[in-house]
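This is the structure I have questions about; it appears just below.
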Amino acid sequence: MKKALILLPLLLGAACLDFAEQTVTYQYHAKSDTFLIVQDYRGIHGADDAHILTEKELKQLGSVLRGQRTFFFSNWIFEYDAETVRKAIEKETDDPHEKRLQTWLRRLQDRVKVENGPFDKDTEGRLCGIQRVTIRDFRRLLDEGNRLARAFILDGRVDEDFDEPTLRLAHARAKVGHDFLTVQGNQLRLEIPMSAKEFQESFHDGDEPAAPYIKQLGGTLRHKDNLMTLSFGKPGDKRVRLNLKLPGKTYRPNAIGPVRAQNKILPKLDPAKYARQHLDKAVQKLTSPR
């Protein structure tokens, strides 16, 4: 899955804090060009040690608690980390493409807001948490990101692990102004030119192929005319809810103490109700006259 996403300038990261299940509820408010997300993590824990959080995990937890980091299905897809973005922006470079990327990252940094909601315990006693993510000027960010992706592809800066037919297809599409990631209503669509062989290897082969998890999320995946299309939601949906039980996760209560030292942990919370109420209030605020 990550191999396919490298064609876009996404911020990939490997999480060491882990969780057993995640639900992402999102809604795009077209009039204000604002993308609203509620992240619900179930079974938060550190993966490295059964009893304690390691120094790296504590550092990562700190960045999460400060509202600087948010994860999209663990390290399976990607994460947004404000610290990684800051370092990329501050990196000295004379490369024109890198400078364009830094300009885009500055705009991203200014328009992404991550807020922590309540922590709670579920019926199994697992640590759970909520995050609220707001992305302003969303369509503009997509448009600029697509232009940047095309520039990188045309300059030959594409993952060399792709097969030669896929590289040629990507170059041809980029040349005619292809948009890789788009939004229509509440449907997110990723369209990447790809050979049949590359599609099979990227989504169906390997020990943990991506295709079954995309299906579990409720996504639609297809390959036709040398184009891979991955979509979530439908244009007419009021909002979209994606849920994934992450494979091979063994929950450990090692994050409860560090979280409790800085935050109240509620004994009970209805995360689906919380997401509905938050998104309703957020949309109402966006539509109310100022």
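Every number in this text was worked out from the coordinates using simple rules, so none of it is lab data. On a predicted model such as this, the values are computed, not experimentally measured, just so you know. Reconstructed Cβ throughout: ideal geometry from the backbone, glycine too, with neighbour counts over all protein chains shown.
When the Karplus curve 6.51 cos²θ - 1.76 cosθ + 1.60 is applied with θ = phi - 60°, which whole-Hz ³J(HN,Hα) does each residue of the stretch 44-60 get, with x for Gly and Pro?
In residue order, the calculated couplings are 6, 7, x, 8, 7, 9, 5, 10, 9, 7, 6, 4, 5, 5, 4, 5, 5 Hz.
Grab the stretch 142-240 and count how many Lys pairs have their alpha-carbon atoms under 24 Å apart, sequence gap of 8 or more, or different chains.
8
Another question, then. Quick one: Cα centre-to-centre distance for the stretch 40-75 and the stretch 99-118, in angstrom?
First find each Cα centre; the distance between them is then 20 Å.
Could I ask something else about it? Testing the spin-label approximation: label points 7 Å from Cα along Cα→Cβ at T229 and K121. State their distance in nm.
In this crude label model, T229 to K121 measures out at 4.8 nm.
Beyond 17 Å, what share of the Cα-Cα pairs of the stretch 19-128 is found? Please give it as a whole percent.
65 percent
Ok, one more. What's the long-distance tail for the chain, i.e. % of Cα pairs beyond 29 Å?
38 percent
Next up: Rounded, prolate or oblate, given the Cα gyration tensor of the stretch 183-229, with a/c below 1.5 counting as rounded?
Since a/c reaches 1.5 but b/c is at least a/b, the shape of the stretch 183-229 is classed as oblate.
Rounded to whole Å and sorted largest first, list the principal axis extents of the Cα atoms in the stretch 137-189.
Dimensions of the stretch 137-189 along the principal axes of its Cα atoms: 34, 20, 18 Å.
Can you tell me which aspartates and glutamates have their Cα less than 18 Å from the Cα of K121? Leave out same-chain residues fewer than eight positions away.
D18, E21, D40, D270
If you don't mind, another one. For D237 and D110 in the same chain, what is the full-extension length gain: residue separation times 0.36 nm, less their Cα-Cα distance, in nm?
So the extension gain works out to 42.9 nm.
Once phi is turned into ³J(HN,Hα) by the Karplus curve 6.51 cos²θ - 1.76 cosθ + 1.60 with θ = phi - 60°, what whole-Hz value does each residue of the stretch 255-270 show in order, with x for glycine and proline?
Running phi through 6.51 cos²θ - 1.76 cosθ + 1.60 with θ = phi - 60° gives 9, 4, x, x, 6, 4, 5, 10, 9, 6, 10, 6, x, 7, 7, 9 Hz.
From the Cα gyration tensor of the stretch 110-170, with a ≥ b ≥ c the square roots of its eigenvalues, which class applies: rounded if a/c is under 1.5, or else prolate if a/b is larger than b/c, or else oblate?
oblate
Taking the alpha-carbon distance from K99 and a cut-off under 18 Å, which lysines remain once sequence neighbours fewer than 8 residues away in the same chain are dropped?
K87, K91
Could you tell me which of rounded, prolate or oblate describes the stretch 92-207, using a ≥ b ≥ c as the square roots of the eigenvalues of the alpha-carbon gyration tensor, with rounded for a/c under 1.5 and, failing that, prolate when a/b is larger than b/c and oblate otherwise?
Oblate.
Then there's this: Would you work out which of G236, T220, N116 lies farthest towards the positive end of the dipole of the chain, given +1 charges on the beta-carbon of Lys and Arg and -1 on that of Asp and Glu, about the Cα centre?
Going by the Cα projections, it comes out as G236.
Evaluate E = 1/(1 + (r/R0)^6) for A88 and H171, where r is the Cβ-Cβ distance and R0 equals 25 Å; express this FRET efficiency to the nearest 0.05.
With R0 = 25 Å, the Cβ-Cβ based efficiency is 0.50.
Treating only the Cβ of Lys, Arg, Asp and Glu as charged (+1, +1, -1, -1), what charge dipole size does the stretch 86-180 show about its Cα centre? Round to the nearest 20 debye. Provide the component values of the computation, followed by the final result.
Details: 21 positive and 20 negative charges, 114 e Å.
Rounded to the nearest 20 debye, it is 540 debye.
Then there's this: State to the nearest 20 debye the size of the charge dipole of the chain about its Cα centre, where the only charges are +1 on K and R beta carbons and -1 on D and E beta carbons. Walk me through the intermediate numbers first.
Details: 49 positive and 41 negative charges, 316 e Å.
Rounded to the nearest 20 debye, it is 1520 debye.
Karplus couplings for the stretch 63-72 from phi (6.51 cos²θ - 1.76 cosθ + 1.60, θ = phi - 60°), rounded to Hz, Gly and Pro as x?
Coupling constants for the stretch 63-72: 5, 5, 5, 7, x, 10, 9, 9, 10, 10 Hz.
Take the Cβ-Cβ distance between H51 and K281 as r, set R0 to 41 Å, and report the resulting FRET efficiency rounded to the nearest 0.05.
It comes out at approximately 0.55.
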